[in-house]
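S.K.: Right, I'll just put the structure down here and ask away after.
The values are calculated or read from the model by the stated rules, or taken from the named source; none is laboratory data. Predicted model, so just to flag it, every value in this text is computed and none were measured. Counting neighbours? That spans all protein chains shown, and the Cβs are built from the backbone with ideal geometry, glycine included. Ligands, DNA and RNA are stripped out before the accessible areas are found, and what is left, the full protein with its side chains, is counted by its heavy atoms. Shrake-Rupley method; radii C 1.70, N 1.55, O 1.52, S 1.80 Å.
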Amino acid sequence: MTFYDKLETRSADERALWQAAELPAAIARAGTAPALARILGDVAPDQVTTREALARLPVIRKSELSEAQKRTPPFGGFTTRPAPDFENVFQSPGPIYEPGRRGEDWWRLGRFLHAAGVGRGDIIHNCFGYHLTPAGMMFESAARAVGAATLPAGTGQTELQVRAAVDIGTTVYAGTPDYLKIMLDKAEELGERLSFTRAVVSGGALFPSLRQGYADRGIATTQCYATADLGLIAYEAPAMEGMIVDERVIVEIVRPGTGDPVPEGEVGEVVVTTLNPDYPLVRFATGDLSAVLPGVSPCGRTNMRIKGWMGRADQTTKIKGMFVRPEQVAALVARHPEISRARVVADRSGDMDVMTVLLETGADDAARYEGTVLDTLKLRGRVELVAPGSLPNDGKVIEDRRSYD
């Protein structure tokens, strides 16, 4: 087995010494970003050398980032350089704007691809989106880092995707977990056989039954946990025992709604400090739930492991690889005065995500709202009209009924 670099096999003491040296520099860089300087106040960077000291700093939430971007577009003062100095500017649902750079695997996903056995000689069929959102570029950057070629396929047009995969002989699928099944089923329908031997996935839940289904078709599937803001957070390795934290971030698991770290093994919210000098987010709350696994991975990588994605600490939910946020549901309701309340329900049909949008209204034509649902939520879903006052009075606007067992 080969490792991506020597950082992956450091001892706990070596990693702690490295973090003690890196953290003050990261905090100092953060202080040059106007918004972070206001949040950090008079924190002395040289006093932040341990995880315990880091845990005393305030948690930054995505809602703060969003509000700051409205006041100071496009990045809200959270970057250390102006927007024109970045090669790319992306827009994710919300909207939230993220910077991007093309050099040196800026999002650090090369480490994940290497662990998945992807490298020179592979052609990656990249089904992550290239339109507005950064996922496509994140995986393309990772492919360059490991010496693999890329077919920038993007999303949709499944029959054309299959034709390209067959003609080119792409060897690795990259995309959301469930779209691979759609491609495989379409290939069978067309009497074709794809050459995928590995799949590297993110952006949605990889259910055990789905992973096994791919394995039965000769495709080894591994997943990573990454975001547009932070890049790679954690990734699966060959041992397939939890997710190993990336070497360029510091992950804490905190009690939801607070910044207080929880004991090892307890489920809490994932909070990440990234050492990215261009976009140095400090104690950024992801809204995701996870827990720390004890010990180290049998594969020889020594960094902390987490169980992976275990749901959301807030109502924001990922459906079909896209986040759906409460503010988007509010925008849907605001478009139509006759709608009093709405609830988005995430569920499963077999191994696929499905979305149902329940609307409280006296209207009787569900089809008239389908365009607004797509426009505000950025996803297609079934629209169901319900009588005014019939939705539960529990404050929920997004309900996730999927099981992750």
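S.K.: Using a Gaussian network for the chain with springs between C-alpha atoms less than 10 Å apart, which of these wobbles most: ALA143, ALA342, ALA285?
M.R.: Result for the chain, Cα springs under 10 Å: ALA342 fluctuates most.
S.K.: Nearest-5 percent of antiparallel DSSP beta bridges in the chain?
M.R.: On the way: 40 of 65 bridges.
Around 60 percent of the beta bridges assigned by DSSP in the chain are antiparallel ones.
S.K.: Tell me, what is the percent relative contact order of the chain, built from C-alpha pairs under 8 Å that lie six or more residues apart? List each step's numbers first, then the result.
M.R.: On the way: 824 pairs, mean separation 52.1, N = 405.
Dividing the mean separation by the residue count of the chain yields 13 percent.
S.K.: Still on this structure: With a point put 7 Å past each Cα toward its Cβ, work out how far ARG56 is from ASP364 in nm, to one decimal.
M.R.: Simple spin-label model gives 6.7 nm for this pair.
S.K.: Moving on to the next point. Net charge around ARG56, counting only other residues with Cβ within less than 14 Å of its Cβ (Lys, Arg = +1; Asp, Glu = -1)? Could the numbers behind the result be given before it?
M.R.: Details: positive: ARG51, ARG283; negative: ASP42, GLU52, GLU252, ASP260.
After counting each charged neighbour, the total is -2.
S.K.: How big is the Cα convex hull of region 49-132 in projection, averaged over all directions, in nm²?
M.R.: Averaging across all directions leaves 8.4 nm² for the Cα convex hull.
S.K.: Just to be sure I understand: with springs between alpha-carbon atoms less than 10 Å apart, which residue in SER11, SER92, SER297 has the highest mean-square fluctuation in the Gaussian network model of the chain?
M.R.: SER11
S.K.: Compute the signed sum of charges (Lys and Arg +1, Asp and Glu -1) over the other residues within less than 14 Å, Cβ to Cβ, of GLU189.
M.R.: Within the 14 Å Cβ shell, the charges total 0.
S.K.: Given a cut-off of under 8 Å on Cα pairs at least six residues apart, what relative contact order in percent is computed for region 102-201? Intermediate values should be presented prior to the final figure.
M.R.: Working: 174 pairs, mean separation 29.8, N = 100.
In percent, rounded to a whole number, it is 30.
S.K.: While we're looking at this one, here's another question. Pairs of Cα atoms under 8 Å, at least six residues apart: use those to get the relative contact order of region 316-405, whole percent.
M.R.: 32 percent
S.K.: Quick one: check the C-alpha center-to-center distance for region 246-315 versus region 56-125, whole angstrom.
M.R.: 18 Å
S.K.: Rounded to the nearest whole Å², what accessible area per residue is found for the chain with the 1.4 Å probe?
M.R.: The answer is 43 Å² per residue.
S.K.: Just to verify a number: FRET efficiency for ARG102 and ALA164, C-beta to C-beta distance, R0 = 25 Å, to 0.05?
M.R.: Approximately 0.55, to the nearest 0.05.
S.K.: In whole Å, what is the distance between the alpha-carbon centres of region 317-333 and region 347-367?
M.R.: Spelled out, the Cα-based centre of one part sits 13 Å from the other.
S.K.: Another question, then. With springs only between Cα atoms under 10 Å apart, run a GNM on the chain and tell me which of ARG380, ARG255, ARG71 wobbles the most.
M.R.: Residue with maximal mean-square fluctuation among ARG380, ARG255, ARG71: ARG71.
S.K.: Turning to a different aspect of this structure: Can you give the direction-averaged projected area of the convex hull of the alpha-carbon atoms in the chain, in nm²?
M.R.: Computing the convex hull of the Cα atoms and averaging its projections yields 20.3 nm².
S.K.: Computed on alpha carbon atoms, what radius of gyration and Dmax characterise region 333-401, expressed in Å?
M.R.: Final numbers for Rg and Dmax: 11.8, 36 Å.
S.K.: Leaving out ligands, DNA and RNA, what percent of the accessible area of region 213-266 is carbon and sulfur, probe 1.4 Å?
M.R.: It is 49 percent, rounded to a whole number.
S.K.: Leaving ligands, DNA and RNA out of it, report the carbon-plus-sulfur percent of the accessible area of region 273-384 at a 1.4 Å probe.
M.R.: On region 273-384, the fraction of accessible area on carbon and sulfur atoms equals 52 percent.
S.K.: Using a cut-off of 30 Å between alpha-carbon atoms, which lysines can reach LYS320, once sequence neighbours fewer than 8 places away in the same chain are excluded?
M.R.: LYS62, LYS70, LYS181, LYS186, LYS307, LYS378, LYS396
S.K.: Give me the percent of the accessible area of region 7-64 that comes from carbon and sulfur atoms, probe 1.4 Å, all protein chains in place.
M.R.: Answer for region 7-64: carbon and sulfur cover 57 percent of the accessible area.
S.K.: What list of whole percents do you get for P(r) of region 146-191, with Cα-Cα distances grouped in 5 Å bins up to the one holding the largest distance?
M.R.: Calculated over all Cα pairs of region 146-191, the distribution is 5, 20, 34, 26, 10, 3, 1 percent.
S.K.: Tally Lys and Arg at +1 and Asp and Glu at -1 over the other residues with C-beta under 12 Å from the C-beta of THR302: what net charge comes out?
M.R.: Result for the local shell: +1.
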